[in-house]
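Contents: one structure, followed by commentary.
The values are calculated or read from the model by the stated rules, or taken from the named source; none is laboratory data. Keep in mind that what you see is a predicted model, and the values were worked out from it rather than measured. When we count neighbours, we look across all protein chains shown, and the Cβ atoms used for this are built from the backbone with ideal geometry, even at glycine.
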Amino acid sequence: MASFKKLKSGWQYRISYKANGKYSTKSENGFRTKGEAKIAASEMEQRLNKGYDIRAAERFFPEYFRDWYDLYRKGKKGPDNDGDIRRAVEFAEEKFVGVKLKDLTRNMYQQALNDYGETHATASVKKHHTYMRACLRDAIQDEVIFKDPTYKAVAVGKVAPKNEDLKYLSYGESKRLILELMSNLQPRYISRYIILFGLATGCRFSEIIGMTWDCVDFVNHKIKINKTWDSKYTNNFSNTKNYSSKRTITIDEETLNILDDLKKQQNKNAVATGLRNTKNLVFANSKMELVSNSAVNKTLRNLCQKVNVTKITCHSLRHTHASMLLYKRVNVKYLSRRLGHKDIVTTLQTYSHIIDEMEQMESRQVDNTMEELYNAK
């Protein structure tokens, strides 16, 4: 049963309930009328009957969020993912000081995202939003709270991302770069092989240096991407970025010949030096070691400068590969699978400017086709 009392601050309800074998009371005040207090009391009794956890709802959101991270997410996907969620927790600890779960509103939540977005890129705002929303929706599922403060929240940043200008080489620039790479190709310059492979396959750098010889199918002209190399934390093999990143793609005969020659020279070097390629790595140098991303980028910048083309990074080789295939009218769905994107939307978003250019070309082709029809005799 609920009791009601009129206070200076408004009407109050008080109800008693049983939780974990013990009786407790719950009260709330500030209602304008006794009728509003009765409605609120009835709703609370229904929640309590369903197992509503009042104690959990009284917890501060940042504290609840951190415990959720430690229990459900920490160490489940990898260090980078842990870092993303940890930064979201730290954001909550800064922006929602003293805010209890039950008191967190949509306005509070949206305002926090807006403030953060003033000085950050959209991708950063979305990351915080993604993990806070996941935590709060779990709280709803556990009947700790009953309304979603993240409902229709908009995560937008005002700072342009660093990679807003997608850099890639044109077909002619790629050709000049390849000619220069081929002019001095030897195992002690393993960065050159990596650059060629990146252009030919569109693989991510971690996928390239994690490539092993058993994943190269010389007979069927294919390569299997089923792992990466973690240079940041473990200095060992690791999982691919996502499930879709595990893929088998075709590779051209010229690149395969280059790899075949590299393998023969590695074997010859192993006999001469006694060094063994214990992990069967494709892109191990003459010392049977892997090179860093920064080392490859340095080589690539120098080569670009030498042949007078746009200076790009190793990741831009992936964009170059994609742009060349798009300009050659390769199906976007196939390209998405080849690049190992999670879905075709990622491909469309990443290369939207190239696709827009192609659409303009296609529209002109339609006009030309109609003109030919009208002028046909």
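Brief remarks follow.
- Qualifying residue in the stretch 89-99 (condition: acidic (Asp, Glu), more than 15 Å from ARG137 (Cβ to Cβ), assigned by TED's automatic domain parsing to the domain that holds ALA123 and surrounded by 13 or more Cβ atoms within 10 Å (Cβ to Cβ)): yes
- Of the helices (runs of 4 or more DSSP H) lying entirely inside the stretch 11-79, those carrying at least 1 residues that are of a type outside the set (Lys, Arg), at pLDDT below 80 and loosely packed, with under 14 Cβ neighbours inside 10 Å are 34-49.
- Residues in the stretch 114-161 that are within 15 Å of LEU101 (Cβ to Cβ) and hydrophobic (A, V, I, L, M, F, W, C): 9 in all.
- Top-ranked residue of the stretch 156-191 - restricted to ones that are of a type in the set (S, T, N, Q) and surrounded by 12 or more Cβ atoms within 10 Å (Cβ to Cβ), ranked as modelled with the lowest pLDDT: ASN163
- Of the helices (runs of 4 or more DSSP H) lying entirely inside the stretch 129-243, those containing at least 3 residues that are over 24 Å from THR278 (Cα atoms) are 171-182, 190-201.
- Check on ALA123, among the small types (Gly, Ala, Ser), assigned to a helix (DSSP H, G or I) and closer than 28 Å to ILE54 by Cα: no
- Scan of the stretch 289-329 for residues that are closer than 15 Å to ILE209 by Cα and in a helix (DSSP H, G or I), ordered by number: ASN293, SER294, ALA295, VAL296, ASN297, CYS314, HIS315, LEU317, ARG318
- Total residues in the stretch 330-350, condition under 23 Å from GLY172 (Cα atoms), part of a loop (DSSP other than H, G, I, E, B) and either touching a residue at least 12 places away in the same chain (Cβ under 8 Å) or polar (S, T, N, Q) (or both): 1
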